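Report on one structure; see the data block that follows.
The values are calculated or read from the model by the stated rules, or taken from the named source; none is laboratory data. Here the structure is a predicted model, which means the values were calculated and not measured. Cβ: placed from backbone, ideal geometry, glycine included. Neighbour counts: every protein chain shown. Only protein heavy atoms, including side chains, enter the accessible area calculation; ligands, DNA and RNA are left aside. Shrake-Rupley method; radii C 1.70, N 1.55, O 1.52, S 1.80 Å.
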Amino acid sequence: MKAPIVKAAIEELGYKVSEHKDKDGNPHLVIEDAPDFTKGVAVFMADCGKAGCEDLVFYADFGPSKTATMEFLNEWNHPASNLRSTAFKSGTVSGDGTIGISMPASFFDDSEQAKVSWLAGLFMVEVSMFGASLGNR
């Protein structure tokens, strides 16, 4: 899947999106008007070649959080939660790291813009749910 198709899929949802390249030359997209309670929402693309990219990772950064305990993250990630995103905490064991969620998607081609838009919409719903669970709404 090519970056302009992914960008158009997210823009269909009403978001403003900017396109960038990472240090390896792979495209990534930043949702410019992501919710204020996030530090950023992006889509990273990997396994890219002339035909496009095979892998997408939707990513949201919520910054450090005192309410995001390991129990909270484990509950979010539990299979019974029926969520597609996975919560994480980076940094040290002392708990000062960034909290976020991510959702991988693979093997879409340019004809599947509607499916990517659906996944992006689902991810943005989970961004709102996660933010509300942290007490940010």
Residues (over 14 Å from the mean Cα position of the chain (by Cα) and either touching a residue at least 40 places away in the same chain (Cβ under 8 Å) or buried (at least 18 other Cβ atoms within 10 Å of the Cβ) (or both)) located in segment 17-27: 27
Out of the residues in segment 28-65 meeting the condition of being in contact with a Cys (Cβ under 7 Å, 6 or more places away or on another chain) and open to solvent by less than 50 Å² (accessible area, probe 1.4 Å), tell me which one is farthest from residue 136 (Cα to Cα). 46
Considering (1) more than 30 Å from residue 133 (Cα to Cα); (2) part of a loop (DSSP other than H, G, I, E, B); (3) touching a helix residue (DSSP H, G or I) at 6+ places or on another chain (Cβ under 8 Å), say which one residue 23 fails and leave the rest. (3)
Inspect segment 89-98 for any residue being buried (at least 16 other Cβ atoms within 10 Å of the Cβ), closer than 18 Å to residue 130 by Cβ and under 14 Å from the mean Cα position of the chain (by Cα) and give the result as yes or no. no
Out of all the residues in segment 31-50, which are within 17 Å of residue 105 (Cα to Cα) and either among the hydrophobic types (A, V, I, L, M, F, W, C) or touching a residue at least 60 places away in the same chain (Cβ under 8 Å) (or both)? 41, 42, 43, 44, 45, 46, 48
Out of the residues in segment 4-16 that are touching a strand residue (DSSP E or B) at 6+ places or on another chain (Cβ under 7 Å) and open to solvent by 10 Å² or more (accessible area, probe 1.4 Å), state the one that is nearest to residue 107 (Cα to Cα). 7
